[in-house]
1. Return the only residue of ASP268, ASP275 being more than 14 Å from the ligand (Cβ to nearest atom), under 20 Å from TYR98 (Cβ atoms), surrounded by fewer than 23 Cβ atoms within 10 Å (Cβ to Cβ) and charged (D, E, K, R).
2. Please go through the stretch 30-49 and pick out each residue that is under 14 Å from ILE102 (Cα atoms) and either acidic (Asp, Glu) or in contact (Cβ under 8 Å) with a residue 60 or more places away in the chain (or both).
3. Of the residues that make up the stretch 41-55, is at least one of a type in the set (Asp, Glu) and assigned by TED's automatic domain parsing to the domain that holds VAL311?
4. If you take the residues in the stretch 367-404 that are of a type in the set (Lys, Arg) and closer than 27 Å to ARG64 by Cα, which one is modelled with the highest pLDDT?
5. Take the stretch 64-90 and flag every residue that is basic (Lys, Arg) and touching a Leu at 6+ places or on another chain (Cβ under 8 Å).
6. Please pick out the residue among MET253, MET263 that is touching a Leu at 6+ places or on another chain (Cβ under 8 Å) and either within 15 Å of the ligand (Cβ to nearest atom) or without any contact (Cβ under 8 Å) to a residue 12 or more places away in the chain (or both).
7. Take the stretch 288-298 and flag every residue that is in contact (Cβ under 8 Å) with a residue 40 or more places away in the chain, crowded, with 24+ Cβ neighbours inside 10 Å and within 11 Å of the ligand (Cβ to nearest atom).
8. Please specify each residue of the stretch 152-181 satisfying the condition of being in contact with a Phe, Trp or Tyr (Cβ under 7 Å, 6 or more places away or on another chain) and either free of Cβ contacts under 8 Å to residues at least 12 places away in the same chain or of a type in the set (Ser, Thr, Tyr) (or both).
Amino acid sequence: MKNLLILGAGTAGTMMANKLHKALDARAWAITVVDKDENHYYQPGFLFVPFKIYDCERLVRPKRDFIPEGVDLVFAEVAEIEPEANTVRLSDGRSLSYDILIVATGTTPRPEETPGLDGPLWYQDAFDFYSFEGACKLRDRLDKWEGGRLTIFLAESIFKCPVAPLEFAFLADSYFEERGMRDRVEITYVTPLSGAFTKPKATAFLSGLMEEKGITVVPDFYAERVDAERKVLVSYDAREVPFDLLVAVPVNMGADFIEASDMGDIDDLNYVPTDKHTLQARDHDDVFVIGDATNLPASKAGSVAHFEADVLTENILSYIKGAPLDATFDGHANCFIETGGGKATLIDFNYATEPLPGKFPLPVFGPMSLLKETRANHFGKLFFEWVYWHMMLTGKPMPVTTHMSMVGKKKDAVPA
Ligand SMILES: Cc1cc2nc3c(=O)[nH]c(=O)nc-3n(C[C@H](O)[C@H](O)[C@H](O)COP(=O)(O)OP(=O)(O)OC[C@H]3O[C@@H](n4cnc5c(N)ncnc54)[C@H](O)[C@@H]3O)c2cc1C
């Protein structure tokens, strides 16, 4: 009997456990999944909690409910991968051996990486919404807030769901408008990027929306520290942005055990060097990486993990047969962006093609529209929660192609 070991039972690890349980011969392969947390959180829902669109409780379900019978689920913290010995050491002293290893341990917010951020203001006047606790506490703070300077701040340029802070800004604009206090709130968006987003057409479209909604963008701002006493953000080039209420997307980092493991040339953010097409770890043929844990130049998003999971399943079957790893990941990402007032936009792109205007997934009929604000897109975003729990996690086929399609996209059109 051979062992396939999956580290992490979040979005990517759970999908892989389900897909491989179906694809592998159970008499030849035992599958084990390790995770330190018994709860599965629907992270896209964290965005809605501060604005009371979702309550906290609906976002949490037991991980065990999504791991198929016949797959061994171990609740423990991973301490180190020992690739030369084909073992994984757990922090409770146990060791698990593997023939094939999948690393799916994601990335997490680290407020402690920005001096002053997690000091006396933390969860008083400075919050994140990238953790369950942060989103729930921010809801309570916003509920009592009487207005002032709301500053949304990105501590790093690489973080999961790169559109979520933009969505937060748009939803904040709507929330204060609906409460009749928008004129008492100044919203500022502080980013290390040179604009609202990374790709030219999407940046032009999203910057236009920011302007329309009276949200000031402060670009190229690399934060050195938060001065908690004066309530200002200070950049490396000594610029300052004041705030009354700070909503941060803290530095996101891969799991700490990655740094302790011999996984090759790890960057400062603990992401595993991974082949951007095959998803094989660069330094170890029997190790594969998926989801937010990789160092791929793709978005860190659940949709990306879903497209990667199709590719990785094929490549693991090829690896077992000794065949070439022919399935290729093209960097495909598909993200709804809430724009407030019951509308959303949608972007669909990959390594080679930037987000373009058009219809999705069908040409002419859509029903979704790309780089355009519509109600249908907003309902698509809300429906994604059902799809996530009932189809995506359990590896059911979904009506979107693994590779990005040009069907419905207009190359030369200007975003609406
Ligand atoms: C506010 C917010 C909004 C988002 N919105 C969207 C969206 O609209 N659409 C979208 O596609 N994506 C969205 N995302 C991103 C999406 O949730 C992630 O990209 C996705 O969950 C990544 O899956 P993953 O399996 O790589 O990581 P995770 O799902 O984070 O899973 C990692 C797992 O590894 C476990 N783990 C970590 N370290 C260890 C260890 N040492 N030992 C044992 N276990 C460990 C963790 O407990 C966790 O269960 C959003 C994220 C946030 C925070």
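1. Of ASP268, ASP275, the one residue that is more than 14 Å from the ligand (Cβ to nearest atom), under 20 Å from TYR98 (Cβ atoms), surrounded by fewer than 23 Cβ atoms within 10 Å (Cβ to Cβ) and charged (D, E, K, R) is ASP275.
2. Within the stretch 30-49, THR32, VAL34, ASP35 meet the criteria.
3. Within the stretch 41-55, not a single residue is of a type in the set (Asp, Glu) and assigned by TED's automatic domain parsing to the domain that holds VAL311.
4. Applying the filter and picking the extreme gives LYS381.
5. Listed by number, the list holds a single entry, ARG64.
6. Exactly one residue qualifies, and that residue is MET253.
7. VAL289, ILE290, GLY291, ASP292, ALA293
8. TYR175
The values are calculated or read from the model by the stated rules, or taken from the named source; none is laboratory data. Keep in mind the model is a prediction, meaning the values are calculated, not measured. Positions of Cβ are generated from backbone atoms using ideal geometry, with glycine treated the same way; all protein chains shown enter the neighbour counts.
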